[in-house]
Structure formats: structure tokens, C-alpha cells
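We did not get these values from a lab; they are worked out from the coordinates using the rules stated. Owing to the predicted nature of the structure, the values given are computational and were not obtained by experimental measurement. Please note: Cβ atoms are built from the backbone with ideal geometry, for glycine as well, and neighbour counts cover all protein chains shown.
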Amino acid sequence: MRLFVNYLVVLFLFAGCSNARKNEISAGSQNEGARGFTLEEVEGITKLTVFNPWEKANDISFDYYLVNREKENPSSLAGKRVIKTPVKRVICLSTTHLAFLDVLDENDAVVGISGSRYISNPEIRQRMELGKVPDVGYGQNLNYELMVNLKPDLVMVYGIGSEVTSYTGKLEELGIPVVMVAEYLEESPLGKAEWVKFIGALFEKKQKAAEYFQKIENEYNRLKTLVSDKHEMPEVLVGSPYKDAWWVPGGNSYLANLIADAGGNYIGRNNSSHESYVISFENALAWGVRADFWINMGNLSSKKEILAADQRFENFAVFNNGKLYNNINRLSNHGGNDFWESGTVNPHLILRDLISIFHPGLIDEELVYYREIQ
């Protein structure tokens, strides 16, 4: 069900976690950018630690110990969260989980999902249509009986708030291993993608995961250098109102950092928050006067639809004189948006799109996730 949350929350939360998380990374971490987890080898056993896996969590962590399925659990792990690896059967409660599995060639391991209508992955959709991957529900409406019958080795969950612990606790009571995945809270595009290492460890594919991340990291950094010496940086407006609330990313959020890496000036960059916040329509109108580009305006696909959503947009300077681009170029017939799915593991492609948008002529490639709105 993650895409629904992405549209209504994460689009506006495109955020990060608290500053405290930056000080929680242990010396044993192998991460380069991800702040939300560590991966360590402890006496031949992989220990995964997840930090503050929901919004506004503070000083909360979860430890998971990965033990090869052919070996017995050492007595030292009694009472701890143990996951047998490699995982063979997994239930994913987020579309982004599928993106990680896809690049690790583990689509066949998926035996259950949440929010079936929002999934873009063609292999998973085909298996859904064949009845091999049922929808297990979402949040407090999870179908626990179905989940037990699917006999998963693991359920990958995420939480917007602390209420996630109520149903993870229920799953653990039923004897189903659970792991928190909190990539959406990362502040940097590469940090979010680096969770592929976390997922790779669960499938005993650490090397494959590391190689994938290294490849996209190299390409992302190469693209950044193309605009590193640009002195003329366009002003960028983000978002659109939802139920009269216009949420914008904090100045130190994932999207703000992505725009900066693409050689753009996010208008809300002076806000020091890692989390999103609400601005008034009047404030947005003032920002719209400054903006050269307007991006990520929900599901709106034309200027006609924008005006139908709110007639006041006809007074937006950027609407009349600027350039409009939305991240809807890979919409499925079922309501899914691949930007929220495969985009998680392809930050270099999103960056390339934004560079092409903000600095026309610099890159000779077709847009992948974005489309111009006319």
C-alpha cells in the first residue's frame, strides 16, 4: 500500500529523520550515505541494526541477526530477532521493497504484497494475475490468516508512525519474522538507494548489492559534476495543495538535496528542516512568482487539470511563464507510479532527468520519470 502513502504523505514528507540519527552510525558500518541502518559482521553472523524507522522516532533501534538456514542458532541469540537466510519467501508491504528485490533478481521470492493496484513491476503483476502473489492488506487491516498460510520466511514492513509496532508485534506473536525497512526516511538520494545492501544481506547477496550500489553511485556522482560549475541555477517550486494544505520539502530533505545536485535552487532551501511542512497558498503564490520551474505536482497531467484542481493557479507566474514537469512519465494502467518504485533504486536516472529539465541541452537523453506539463 506504499504508493498510496507516497502520494498523500511521502510526496510531502520526502524528508529525512532527525539530526540525532547522524550520530547513531557505528564504527562498524559499511555504509557510505545511508543513515538509517548499519550492517556488521559479529562472530561470523551478520547483524543488521535499523535506527528510528518511522517519522519523529527518537533513540529507537531494532537489531536483526542473520543466520544461514543450514545452521543452528547459537545460544547467544536466544531471545533476539533472528532471520534465516537466504530468504526464500517474502511478503512486501511497500512498492519500494519490490524495487530492491528486482535489482537483486529476487522477484520470484515475493509471495505476498500490499496495495496491489499501485505496483508497477511487470513480473510481479504477472504473478499477481496468476494468483501467485495475493494482496495481504494494509496496516490495521492486514489479513493475518492469509499471511500465516503463505508461510513467509520474512515480512518486510515500514511505518509512518509508531503504530507500526502493533502489527509487527502481532506478526512476531504468530511466529513470522519481521524486518523494518526505512529507506524513505533517508535525506540523500544515494542514502536511500544504499538500502539495497540491507536487502542484499537478507538474501545472502551482499556482493551483488554492493556492486549495484557502486555502479549507480559512480554514475550519480558523474552526473553531479556536469552542473557543479553552473552559476545560473534556476529557481524551483515543488508540490501542489492537497485538501487545502500545500506541503513542501524541508531545505535539508531528500528532494531538496536532489534538486541541488541537479543544479537547481529549491525555493524552500532556507528552511533547515529535514521534514516537510505546510505553506499557505498565498506563500506558494509568492514562491510561484520567483520560480522558473514547477515540479512534482501530484497526479496532475495537464495545465487544464491544474486549473480544474484550483482556478487560482491561473495567477501563478510560473504556471503562465515557467516550465512545468511532473514525475508521472511511468504511470501504470492500474494506478501505480514507477517513480515511487524503481526510482528508489535509480536515483541517477532521476538526477539525469532533473539536470535535463533545469539545464536543457546538457544531456542528450529522453526523460525517464518526468514529463513536461502543457
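Observations on the structure shown:
- Interatomic Cα distance distribution for the range 229-372, bins of 10 angstrom, percent: 11, 43, 38, 8, 0
- Equivalent ellipsoid semi-axes - Cα gyration tensor, the range 297-352, angstrom: 26, 15, 7
- Close amide-amide hydrogen proximity is noted between Y242 and W247, each under 5 Å apart and 5 or more residues distant or on a separate chain (H modeled in the peptide plane; Pro and chain starts excluded).
- Each Lys and Arg adds +1 at its Cβ and each Asp and Glu adds -1 at its Cβ; summed about the Cα centre, the range 229-372 shows a dipole of about 260 debye.
- Nonlocal amide H pairs with V178, under 5 Å, H built at 1.01 Å: V155
- Label point 7 Å beyond Cα of L77 along Cβ direction - residues of the range 167-183 with amide nitrogen under 18 Å: 172-173, 175-180
- Sorted peptide list for 342-353, 65-76, 309-320, criterion being average Cβ within 10 angstrom, highest first: 342-353, 309-320, 65-76
- Radius 15 Å from Cβ of N321, net charge of other residues (Lys, Arg +1; Asp, Glu -1): -1
- Fluctuation leader among K304, K215, K243 - the chain, Gaussian network, Cα springs under 10 angstrom: K243
- Between amide H atoms placed 1.01 Å from N, distances below 5 Å from S273 occur with G251, N252, all of them 5 or more places distant or on a separate chain.
- In the chain, helical runs assigned H by DSSP with n ≥ 4 each contribute -39500 (n - 2.57); averaged across all residues and rounded to the nearest 500, the mean residue ellipticity at 222 nm is -8500 deg cm²/dmol.
- Over the range 209-273, the reciprocal of the mean inverse Cα-Cα separation, the Kirkwood hydrodynamic radius, stands at 13.4 Å.
- Square roots of 5 times each gyration tensor eigenvalue, C-alpha, the range 2-217, largest first, Å: 23, 21, 18
- Under the Karplus curve 6.51 cos²θ - 1.76 cosθ + 1.60, θ = phi - 60°, whole-Hz ³J(HN,Hα) for the range 73-84, x wherever Gly or Pro sits: 6, x, 4, 5, 9, 4, x, 9, 7, 10, 10, 7
- Among A210, S188, G161 the positive-end extreme of the charge dipole of the range 142-254 (Cβ point charges): A210
- Expected-Rg normalisation [2.2 N^0.38 Å, Cα atoms] applied to the chain: 1.00
- Isotropically averaged projected area of the range 140-211, using the convex hull of Cα atoms (one quarter of hull area), nm²: 5.6 nm²
- Pairs from the table (K56/K208; K132/K206; K208/K230; K224/K304; K205/K230) lying more than 30 angstrom apart at Cα are K56/K208; K208/K230; K224/K304; K205/K230.
- Dipole magnitude (debye, nearest 20) for the chain, charges at Cβ of Lys, Arg, Asp, Glu: 360 debye
- Under 28 Å of direct C-alpha separation, and excluding same-chain neighbours fewer than eight residues apart, K303 reaches these lysines: K243, K323.
- Footprinting exposure proxy for S94, S332 (fewest neighbouring C-beta atoms within 10 Å first): S332, S94
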